[in-house]
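Just so it is clear, none of the values below were taken in a lab; they were calculated from the coordinates. What you see is a predicted model, and the numbers here were worked out from it, not measured in a lab. Using ideal geometry, Cβ is built from the backbone for each residue, glycine included, and neighbour counts are taken over all protein chains shown.
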Amino acid sequence: MIQMPVQTTPTAKETGRPVLLDVRNLQKYFPIRTGVFQHVTGSVKAVDNISFAIYEGETLGLVGESGCGKTTAGRCVLRGIEPTGGEILYRKPTGETVDLAQLDKKALAPLRRDLQMIFQDPYSSLNPRWTLLDIVGEPLLVNHIASGKEIEDRVADLLKRVGLRPEYMRRYPHAFSGGERQRVGIARALATRPRLVVADEPVSALDVSVRAQTLNLLQDLQSEFQLTYLFISHDLSVVEHICDRVAVMYLGKIVEMAETEALYTNPLHPYTEALMSAAPKTDPDIKPNRIVLEGEVPNPANPPSGCYFHPRCRYAVERCKLEAPVFEEVKPGHFTACHRARELTLRGIPSAD
Amino acid sequence: MRNISLPFPFRKKGPGKAAGFEEKADEQVYVASQWQLMWWKFRKHRMAMVGGVIVILLYIMAAFVEIIAPYNPETQDARYAYRPPTKIHFVDRAGRFYITPFFYGTHSERDLETLSLRFSEDYQKIYPLRFFVRGDEYRLWGLIPMDIHLFGSPDPEARFFLMGADKQGRDMFSRIVYGSRISMSVGLLGVVLSFLLGIIIGGVSGYYGGTVDTIIQRVIEFLRSIPTIPLWMSLSAALPANWPPVRMYFGITIILSLIGWTGLARVVRGRFLALREEDFVMAAKISGSSESRIIFRHMVPSFFSHIIAALTLSVPEMILSETSLSFLGLGLRYPAISWGVLLQDAQNIRAVASAPWLMLPGAAVVLAVLALNFLGDGLRDAADPYGR
Amino acid sequence: MEEQTLTTTPTQEQSGGPKLLVEIENLKTYFKLDEGLVKAVDGVTFDIYRGETLGIVGESGCGKSITARSILQIIDPPGKIVEGSIRYHRAKGTQEQVIDIAQIKPNSPLMRSIRGEEMAMIFQEPMTSLSPVYTIGNQIIEAIQLHRKMTKQEARNEAIDLLRKVGIANPEQRVDEYPHQLSGGMRQRAMIAMALSCHPRLLLADEPTTALDVTTQSQILELMLELKREMGMAIVMITHDLGVVAEMAQRVVVMYLGRAVEVADVRSLFHDPKHPYTQGLMQSVPKIGRKTRERLQPIKGMVPNPYNRPKGCLFHPRCPQCIPGKCDLLEPPTVNLPGGRAVSCWLYEGSGQS
């Protein structure tokens, strides 16, 4: 794992941009309670010691299947739910770095405007009893950015930017389709001009033709507002399209992280290889040479010993059962946690061009 | 995922309406608040509407008992003991139709074997019924002295008994009307108290979860598992018997609500627990909303309609509880008048066999409870107009 | 896969070209709701051949699920088949019998013998076909005994065999478990086992893998292809995922708002889509493996409200090639193109035989 001193702000070698968010050893454990008196017998390690950095202006993808912890990680990073451990180092516009995980509610409040979230389900992420004006205006109100008439003006402007008519602000969410509601959610996330937006499966619940519109919108807004995205998704084609770098999660851990092209064409972790081969290719000429994984995703309350992936891994050896691999930089900019990373040659996605 | 943007069942137009009209109707729906949507959905539930109308009428009656009842409840006349209900006619014996309803005088004779009075109509005396007649004096709400009654006979000698008379010759209809004031309002007061207790305790339980929630839930379960009648009996016996009716009334109300809050608390807790997981609550938190703002501006409006439905459904419980308590002699007592107190007179099987109209207060209870239940059902179905 | 290299229609066991299994012609299934008439399926025509994998692709509201349910006559009221025919070529020994399913009553003994024994369906959510109060073994045994003459013990052995065939480990143990004891992927397999228990000739799969993780989806798709090869049955794969279609289907029907807009073999559909909607879909979907990060080309506008369907061609308000005066007034004819293709679009008028 890269050891980075806390006080200085490391820069990305290629882009020259500073790190906006540096997550170290993030943990979120959910206690398991049993019995009449609900005492704690164990814990589900939803997020189990993950570390990653997001550079300013980039889109970092966080992929994985259900139960891998990506949504939990996204919510922890914004302190939507409380992490059990770890550091979330955020670089403020002044250049100063603070650990979000350590701040109390009062100290966290002024930073909320910089960190926002777009949710997956357009039906449950908007309060059905509030008008669009209330919904999109709330962040402005609670962060004391505007009040009264000014909120209306700003909300009108935001709605226009996401492609909705400003007069719609008097309407309630039930007047809109899924795609339109998602735009409202995006408008809300951008109301305070945040610096980091965590997008949690923003297009998964949308129709195929609406997805393209929404993805284009997200990209346009990124350049217009100079946003940094943490893009959580299970859809590999969408992630490949929109992300600069990608981190793959399995059972609460990050198993691989690299630039998009490198990850997709030359994965270093067997799980990534399986994911790539399983993802349906939209070209009937590509013969699906599937690597079919054995077994099922293990119970997160009872993970396997050593490397979590070893029971399903075709390349597993004895060591994998006993010793958990270290997450390290195997090639420049390409991290993975696999004992055999340097010796295996894994198959990625052949480029369709 | 259905791509229909409007929730069922708000499209009111048929396939042939003009486009402009559709747009206006749409716009109405788009800007409809949750109360509006609830009302539209509620309107479709016919039984609930009927129930609602009946409930409103009952409460109007309860507010204006003194005017609506033809007689004061204590107006006695031994000559009319156990008189059967007076028949109201529109056509006289000669076949003539009268617009104004009328009734005949009462002719009584004593049966020499049973020694009870037997009544028949005295066709010589015809008494018309009129609206707004002067009759027994009373004080409206205990304050304003008046003597106007909604309907009655202008002739003070002419007595009529729409629902028969009791042992003392008191008009049952008037007594039932008077009884509605206490029976219907005990429900309300008790429910308001339960509401406050239920929301606070249920809210705390649901919002904080964890140990607090567990403890509160166990307490609730314990309370609910105590058999109600013995519990009422002991609590009621704890009230001094020499208390004046009004104080007794409040005492009973407080007793009922101390037990009744548990149902509501569970509903509130359930809703809180469900709401905590909603994305829009998380969104509000990440936007920077304070906890109190989230509770009062986001969560409470979300379950408010459910609370109203739950409250409406708990009123009949209160009414039935008070009726049962008073019927058993544990609740209100003479001279207070409630339907339960009136039903005490119906405890005597022999009296009831010869004067079945003594049970009519029970019919009033049934009517009120049914109407409230239908109303509550309709509210509950409409409570979540978003159909999720 | 060898079967994917076809350009026309799939080969069959017998020579002499493909054999028809189901012919759907001008199928119309309407729902009469309080709010109005929903024309869920509005004049759909296509064929299903024996042993092929046919994909039906479309977005929500296009009617693909309802089409499949119409074939099995399991549409919930107030939906009804109001017009059209579903001619099922039933093989009885050496003879063939053609039954128009649209004319049979849904609950008639004839339909019930076809459904489950000769045609089966699996769904997106396995809990729609699996009852939570019976063990999966019980449910499979029930399905078997309904259609085949077997004793309970024989049926149980058959059920265990089926579970093994669908890749459930320890089938002797699993057969006595309840659905909630299985994971999502296993439930899906159990549902497939139940659907296949009577060796149907047609399997309708309605978004069977949409709710599954991509690795589990891969396993299930692989399983379905294997079983298809072994049993020689036809699969109708209903999905909105173009990637699944590309990997599984041999021919594809593209549906939009209740109508079939294009029918083609899978390679032609992806490399040379004819209908503007199909073209729009192809351009708007991020394709994995494409290295260029250019903007996606979305289809402009939104799927219209089903109560407010456009006149003429249903797609015209969103079509970049709309011919004013024609597309917005008249319904386009279905044009048959060479290679077994068909398009419903005014652009191709006169290009083939109508």
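Annotations for the structure displayed:
- Counting Cβ atoms of other protein chains within 10 Å of each residue's Cβ and taking the mean over peptide A:113-119 gives 3.
- In order along region A:156-168, phi translates into HN-Hα couplings of 4, 5, 5, 4, 5, 4, 8, x, 10, 6, x, 5, 5 Hz, rounded to whole numbers, per the Karplus curve 6.51 cos²θ - 1.76 cosθ + 1.60 with θ = phi - 60° and x for Gly and Pro.
- Simple spin-label estimate for B:LEU370 and B:VAL352 in nanometres, 7 Å along Cα-Cβ: 1.9
- For region B:247-388: Kirkwood Rh in Å [reciprocal of mean 1/r, alpha carbons]: 18.0
- Region B:141-212 - Rg over Rh from alpha carbon coordinates, Kirkwood radius: 1.34
- Whole-Å distance, taken between Cα centres, linking region B:53-88 and region C:312-343: 76
- Across region A:19-250, the volume of the C-alpha convex hull divided among the residues equals 145 Å³ per residue.
- Calculation over all alpha carbon pairs of region C:115-220 in 5 angstrom steps from 0 returns a P(r) of 2, 15, 25, 26, 20, 9, 2, 0 percent.
- Averaged over the residues of peptide A:235-245, the number of Cβ atoms from other protein chains lying within 10 Å of each residue's Cβ is 4.
- Gyration tensor analysis over the Cα atoms of chain B returns equivalent ellipsoid semi-axes of 49, 30, 16 Å (largest first, whole Å).
- 222 nm mean residue ellipticity, helices alone, for chain A (DSSP H n ≥ 4; -39,500 (n - 2.57); rounded to 500): -7500 deg cm²/dmol
- Cα-only radius of gyration and Dmax that characterise region C:148-297, units Å: 18.6, 62
- Angle between chain B longest axis and helix B:228-238 axis [Cα atoms, degrees, rounded to 10]: 70
- Neighbourhood charge, 13 Å Cβ-Cβ cut-off, centred on B:ASP147 and excluding it, Lys, Arg +1 and Asp, Glu -1: -1
- Summing +1 for each Lys or Arg and -1 for each Asp or Glu among the other residues whose beta-carbon sits under 13 angstrom from that of B:ARG181 gives -1.
- For C:LYS152, the lysines whose Cα comes closer than 29 Å to its Cα, not counting residues fewer than 8 places off in the same chain, are C:LYS92, C:LYS165, C:LYS228.
- A Förster radius of 25 Å, combined with the Cβ-Cβ distance separating C:LYS92 from C:ASP161, puts the computed FRET efficiency at roughly 0.45.
- Vicinal HN-Hα couplings computed from phi for region B:164-181 (Karplus, 6.51 cos²θ - 1.76 cosθ + 1.60; Hz; Gly/Pro x): x, 10, 8, 4, 8, x, 8, 5, 5, 4, 4, 5, 5, 4, 4, x, 5, 4
- Given +1 at the Cβ of Lys and Arg, -1 at the Cβ of Asp and Glu and no other charges, the dipole of the protein assembly as shown around its Cα centre is 1380 debye to the nearest 20.
- At q = 0.05, 0.09, 0.10 Å⁻¹ the log10 of I(q)/I(0) for the protein assembly as shown amounts to -0.46, -1.15, -1.31, computed by Debye summation with a single uniform scatterer per C-alpha, solvent ignored.
- Under-5 Å amide H pairs with B:PHE151, H placed in peptide plane, nonlocal only: B:PHE132, B:VAL133
- Shape annotation for region A:253-353: C-alpha extents along the principal axes are 41, 32, 22 Å, from largest to smallest.
- Over region B:273-327, the reciprocal of the mean inverse Cα-Cα separation, the Kirkwood hydrodynamic radius, stands at 13.4 Å.
- Between B:ILE319, A:ILE145, A:TYR168, the Cα set farthest toward the positive side of the dipole of the protein assembly as shown (charges on each charged residue's Cβ, about the Cα centre) is that of B:ILE319.
- Rounded to the nearest 20 debye, the dipole magnitude of chain A is 700 debye, with +1 charges on Lys and Arg beta carbons, -1 on Asp and Glu beta carbons, and the Cα centre as origin.
- Shown here for region A:33-135: GluC sites (Glu not before Pro) in loop regions (DSSP other than H, G, I, E, B) with at most 15 other Cβ atoms within 10 Å, namely A:GLU96.
- Top positive-direction residue, dipole computed over region C:277-348 with Cβ charges, set C:LEU337, C:PRO304, C:GLN283: C:GLN283
- Neighbouring partner chain Cβ atoms per residue of A:272-281, average, 10 Å criterion: 5
- Averaging 1/r across all pairs of distinct Cα atoms in region A:118-157 and inverting the result yields a Kirkwood radius of 10.8 Å.
- Close amide-amide hydrogen proximity is noted between C:GLY51 and C:ALA234, each under 5 Å apart and 5 or more residues distant or on a separate chain (H modeled in the peptide plane; Pro and chain starts excluded).
- Interatomic Cα distance distribution for region C:271-335, bins of 5 angstrom, percent: 4, 15, 22, 23, 17, 9, 6, 5, 0
- Average Cα contact separation per residue, chain B, under 8 Å, 6 or more apart, as relative contact order %: 21
- Per residue Cα convex hull volume in Å³ - calculated over region B:117-255: 193
- Among the trypsin sites (Lys or Arg not before Pro) within region C:181-254, not one is in coil by DSSP while having at most 16 neighbouring Cβ atoms inside 10 Å.
- Average Cα contact separation per residue, region A:51-177, under 8 Å, 6 or more apart, as relative contact order %: 15
- Cα centroid separation - region B:102-158 against region A:231-270, whole Å: 91
- Inter-part distance where region C:101-163 and region B:290-341 are each reduced to a Cα centre, Å: 50
- Binned Cα-Cα distances of region B:87-160, short to long, each 10 Å bin given as a whole percent: 18, 35, 27, 17, 3
- Each other residue within a Cβ distance under 10 Å of C:ASP241 adds +1 if Lys or Arg and -1 if Asp or Glu, for a net charge of -3.
- Cα convex hull of region A:89-193, projected area averaged across orientations, nm²: 7.3
- Mean separation of Cα pairs under 8 Å and 6 or more residues apart, divided by the residue count, gives chain C a relative contact order of 19 percent.
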